[in-house]
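One structure below.
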Protein chains: 2
Amino acid sequence: MIRVVLLGTGNMAHHLYDAFSSTERVQVVQVVGRNKEALKHFENTSSDFGSIAQADIYIIAVNDLSISTVKQELTEINGLIVHTSGSVPIDDLKPNKNIGIFYPLQTFSKARKVDFWTVPICIEANSQENLNLLATLAKTISHRLYEINSEQRKTIHLAAVFANNFTNHLYDIAHEICVAHQVPFEILKPLILETAQKVQSHPPSSMQTGPARRNDTETIAKHLEQLGNQKQKEIYTLLSESIKENYGEKL
Amino acid sequence: MIRVVLLGTGNMAHHLYDAFSSTERVQVVQVVGRNKEALKHFENTSSDFGSIAQADIYIIAVNDLSISTVKQELTEINGLIVHTSGSVPIDDLKPNKNIGIFYPLQTFSKARKVDFWTVPICIEANSQENLNLLATLAKTISHRLYEINSEQRKTIHLAAVFANNFTNHLYDIAHEICVAHQVPFEILKPLILETAQKVQSHPPSSMQTGPARRNDTETIAKHLEQLGNQKQKEIYTLLSESIKENYGEKL
């Protein structure tokens, strides 16, 4: 049985709490947060950072900028202290003796339940013993465990901005185009899903299609005319150029 | 029983053929194409456009640029002639008397089987009778039928370039970043899928996250430093600006 203290009450804390609650191999002995309203979702809560419970692992699940603030409350702690961020280096948790990273790579929102077994968990620690402990913890809730150092984690976080944040923005632009022309966005949903499903088993470059891929300048010109918004025109032009360059190279 | 002639042997023809073959309400009486090797996938084939069989509907399933060429072979045909393109207007099928559009909105590749029941089919025709015939045909293979005029179809095609072609290119950039830093692309796959799944039930704007969304200029600057490729820097900058603008407006 691994005893865990969760520090934080946001999306990440919610999903971790729910995942740990579903296994008997982990006990969340305490959830600590300043926001008393947000604490109501959890059991064994405290808003007093001065009375943190004894545990094997302390998980700081707050936004990047607050990690250093929370860490300052943990200077007396001997257990393993980890955070869940994609971009904050492990060394930011010093001078504590036992430190590490427990970074589940997924986009979490309160409105959607996530099957944690499919979520890749990236772990890193300052000793083999601490790494083993994190691996044991990760395996209680996920089948996908990766040992990733801080430099690699920065890369993953950057790639995730393209694969998640920017992709969602393209969905949003498609949505705006539909709304502007009274076409149901609904109609694009199966296409969006299939596009994501294809790259689960094929490299994205081999799945590239569209006017830019086949250098169809006539359609590209028509599309640019149709776009009412200057920013959308710029995005269309830049991404089309980028696709053309990639495809040109591969010829 | 609706009798169909398929003209074309590419991905679209393949998937339509397989879908129609699974219902007894449609009979594909002939598949016509110039590429004899490609015709081997089908039954009742012909490479002679001069001996096209009698049918209720003739489906031109070729790339946009070849539609007019194939159409010229069909001037003597009395049945309903349709094409499957997202961007070619219905009037390009004139002067034939019975014309229409049968546009399945999905990305097709030979390597992946598609559940056609979930594929939106956009139909348009030059008479109510022809529209009814296309609706009957569409319903034999899909639950999602949309009556869409040529103007709306152009909009959908444009939105699909963002939702499918450009999105796939962002996956490709994420893939390149992973490869350049020896990180497995594998690790991003659940994130890619969840991002697409979220917008099945929520508007994309409400799902936007990331450094640009929260105006985290420090992370943005670090990411731009990490990117080795000039084009990738430009894309990162432009999409981040666009997200910031959208978010700013909504405040």
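Taking every C-alpha pair closer than 8 Å and separated by at least 6 residues, the mean separation divided by the residue count of the stretch B:2-148 gives a relative contact order of 20 percent.
Can you compute the helix-only [θ] at 222 nm over chain A? Use -39500 (n - 2.57) per DSSP H run of at least 4 residues, normalise by all residues, nearest 500 deg cm²/dmol. Mind showing how you got there, number by number?
Working: 9 runs with 98 residues, N = 251.
Value at 222 nm, helices only: -12000 deg cm²/dmol.
For the stretch A:132-142, backbone phi angles converted through the Karplus equation (6.51, -1.76, 1.60; θ = phi - 60°) give residue-by-residue couplings of 4, 5, 5, 4, 4, 4, 4, 5, 6, 10, 9 Hz, Gly and Pro being listed as x.
A Förster radius of 51 Å, combined with the Cβ-Cβ distance separating residue A:65 from residue B:91, puts the computed FRET efficiency at roughly 0.35.
Across the stretch A:153-250, C-alpha contacts under 8 Å between residues 6 or more apart give a mean separation that, scaled by the residue count, equals a relative contact order of 19 percent.
For residue B:45, nonlocal amide neighbours, meaning residues 5 or more places apart or on other chains whose placed amide H falls under 5 Å from its own, are B:31. Per-residue Karplus couplings for the stretch B:27-36, computed as 6.51 cos²θ - 1.76 cosθ + 1.60 with θ equal to phi - 60°, are listed in order as 10, 7, 6, 6, 10, 10, x, 7, 7, 5 Hz, Gly and Pro entered as x. Modelled label positions at residue A:200 and residue B:139, each set 7 Å beyond Cα in the direction of Cβ, lie 3.2 nm from each other.
Sort A:101-108, A:197-204, A:37-44, B:232-239 by packing, meaning the average of other beta carbons within 10 Å per residue, with the highest value first.
Most protected by this proxy first, the peptides run A:101-108, B:232-239, A:197-204, A:37-44.
Here the stretch A:153-250 was treated as a single set of alpha-carbon atoms; its pair distances binned every 5 Å from 0 give 2, 10, 17, 23, 25, 15, 6, 2, 0 percent.
Given Cα pairs under 8 Å that are at least 6 residues apart, what percent is the relative contact order of chain A? Intermediate results must be reported in sequence, preceding the final value.
On the way: 338 pairs, mean separation 29.9, N = 251.
Normalised by residue count, the contact order of chain A is 12 percent.
Taking amide H as placed 1.01 Å from N in the peptide plane, the amide H of residue A:145 sits under 5 Å from that of A:121, each at least 5 places away or on another chain.
The equivalent ellipsoid of the stretch A:2-148 has semi-axes of 19, 19, 14 Å, largest first, where each one is the square root of 5 times an eigenvalue of the Cα gyration tensor.
Distances between equivalent label points of residue A:230 across the copies, with each point positioned 7 Å along Cα→Cβ, amount to 2.4 nm, shortest listed first.
In plain terms, the chain from residue A:112 to residue A:51 could stretch by 18.7 nm, reckoned as 0.36 nm per residue minus the Cα-Cα distance.
Within 10 Å of the Cβ of each residue in B:238-247, the mean number of Cβ atoms contributed by other protein chains is 5. Shape of chain A from the C-alpha gyration tensor: prolate (a/c of 1.5 or more and a/b above b/c, with a ≥ b ≥ c the square roots of its eigenvalues).
Across the copies of the chain, residue B:215 has label points (7 Å from Cα along Cα→Cβ) spaced 4.4 nm apart, shortest distance listed first. The chain B residue nearest the rotation axis shared with chain A, using its Cβ and rounding the distance to whole Å, is B:196, 2. Each residue of the stretch A:196-210 was assigned a 3J(HN,Hα) from its phi angle through the Karplus curve 6.51 cos²θ - 1.76 cosθ + 1.60 (θ = phi - 60°); the sequence is 6, 6, 4, 7, 5, 10, 9, x, x, 4, 6, 9, 5, 9, x Hz, with glycine and proline shown as x. Distances between copies at residue A:95, taken between label points 7 Å from Cα along the C-beta direction, are 9.2 nm in increasing order.
Restricting to the protein assembly as shown, what percent of DSSP beta bridges are antiparallel, rounded to 5?
20 percent
Taking amide H atoms as placed 1.01 Å from N in the peptide plane, the amide H of residue B:81 lies under 5 Å from those of B:58, B:98, B:99, B:100, each 5 or more residues away in sequence or on another chain.
For the pair the stretch A:52-71 and the stretch A:114-138, the centres of their Cα atoms are 16 angstrom apart. For a test of the definition: using alpha carbon positions, the gyration tensor, and the 1.5 limit on a/c, classify the protein assembly as shown as rounded, prolate or oblate. Judged from the Cα gyration tensor, the protein assembly as shown comes out prolate (a/c at least 1.5, a/b above b/c).
Just to verify a number: FRET efficiency for residue A:22 and residue A:224, C-beta to C-beta distance, R0 = 60 Å, to 0.05?
Details: r = 50 Å, r/R0 = 0.84.
Step by step, r from the Cβ atoms, then E = 0.75.
The angle separating the long axis of helix A:167-180 from the principal Cα axis of greatest extent in chain A is about 50 degrees.
None of the figures in this text is laboratory data; all of them are computed from the coordinates on show. All values derive from a computational prediction rather than experimental measurement. Ideal geometry is used to build each Cβ from the backbone, glycine not excepted, and the neighbour counts take in all protein chains shown.
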